[in-house]
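The values are calculated or read from the model by the stated rules, or taken from the named source; none is laboratory data. All values derive from a computational prediction rather than experimental measurement. A quick note on method: Cβ atoms are made from the backbone with ideal geometry, for glycine too, and the neighbour counts reach across all protein chains shown. When the accessible area is computed, the model is the full protein with side chains, heavy atoms only, and any ligands, DNA or RNA have been set aside. Shrake-Rupley method; radii C 1.70, N 1.55, O 1.52, S 1.80 Å.
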Amino acid sequence: MASLFGLGRDAKTFRPRKSTPVGSKGLTLKRHIEATLGSGNIREAVQLPPGEDLNEWLAVNTVDFYNAISVLFGTLEEFCTVKTCPVMSAGPKYEYLWADGVKVKKPTRLSAPEYINNLFDWIESQMDDSRTFPQQYGIPFPPNFMDVVRTMFKRLFRVYAHIYHTHFRSICSLGEEAHLNTCFKHFMYFTQAFNLVDSKELVPLQELIDQMVS
């Protein structure tokens, strides 16, 4: 993974990629994503393929978006520390508190790396739970699946917001800015296509979003 960005970083920095859910159908949808993205038309690539199930499409794409941001954040480990980022924020106006409703019920102030690692642990626990992310085609998704996905996207957006506001200079020094922008643009097209993040949550990066997804 380190060679992707030309970095000599220890592989243990990066979390293992999550595998595509929903069995062979998920792999078929994943191939569709790769083929349409390869055409260069991101707006078209995010649209639900005709005849496909919305929840399956959301599940496969959510795993891909999580993998992408996980890899990006892994390259910033030496820059995003408890000392450099004592709060999870997106600039001076926006601070994010952590709560998962299970282990941490009361919104709690954490450093950025603690918040993000807790978030990644929570996302992985959801994806590993076959009751939430079915691993076989035909098994029904839970009634609250869209709510789970929307919570994931809201929190993954906060990771992008933190990276852009706090670590963009480091991203540039690593030569990752084009990759970051492509990942975020894809993320935002998908978010907007399925209304996954409330507009008030997008405010910290609204100017960038307007430029990218206009």
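In percent, how large is the relative contact order of the stretch 68-214, given Cα pairs closer than 8 Å and 6 or more residues apart?
So the answer I get is 26 percent.
Which ³J(HN,Hα) values, rounded to whole Hz and listed in residue order, are derived for the stretch 112-128 from phi using the Karplus coefficients 6.51, -1.76 and 1.60 in 6.51 cos²θ - 1.76 cosθ + 1.60 with θ = phi - 60°, glycine and proline given as x?
Coupling constants for the stretch 112-128: 4, x, 5, 4, 5, 5, 5, 4, 4, 4, 5, 4, 5, 5, 5, 5, 7 Hz.
Using Cα pairs closer than 8 Å and at least 6 residues apart in sequence, work out the relative contact order for the stretch 142-214, in percent.
Worked out over the stretch 142-214, it gives 44 percent.
What is the packing order of peptides 97-109, 176-188, taking the mean over residues of other C-beta atoms within 10 Å and listing the highest first?
Put in order of decreasing packing, that is 176-188, 97-109.
Could you name the aspartates and glutamates whose alpha carbon sits less than 18 Å from that of residue 106, not counting residues in the same chain fewer than 8 places away?
In chain and number order, the partners are 95, 114, 121.
Of all accessible surface on the stretch 71-199 at a 1.4 Å probe, what whole percent is carbon and sulfur?
The C+S portion of the solvent-accessible surface of the stretch 71-199 is 51 percent.
Kindly flag which residue pairs out of 154/185; 93/154; 154/200; 83/103 have an alpha-carbon separation exceeding 22 Å in this structure.
With Cα atoms farther than 22 Å apart: 83/103.
Once label points are set 7 Å from the Cα along Cα→Cβ at both residue 95 and residue 168, what is their separation, rounded to one decimal in nm?
Placing both labels 7 Å beyond Cα along the Cβ direction yields 2.3 nm.
Can you give the accessible area per residue of the stretch 33-120, in Å², using a 1.4 Å probe?
48
Can you give the convex hull volume of the alpha carbon atoms of the stretch 39-143 per residue, in Å³?
With only Cα atoms used, the stretch 39-143 gives 162 Å³ per residue.
Report the Rg/Rh value for the stretch 101-165, based on alpha-carbon coordinates and the Kirkwood definition of Rh.
Computed over Cα atoms, the ratio is 1.02.
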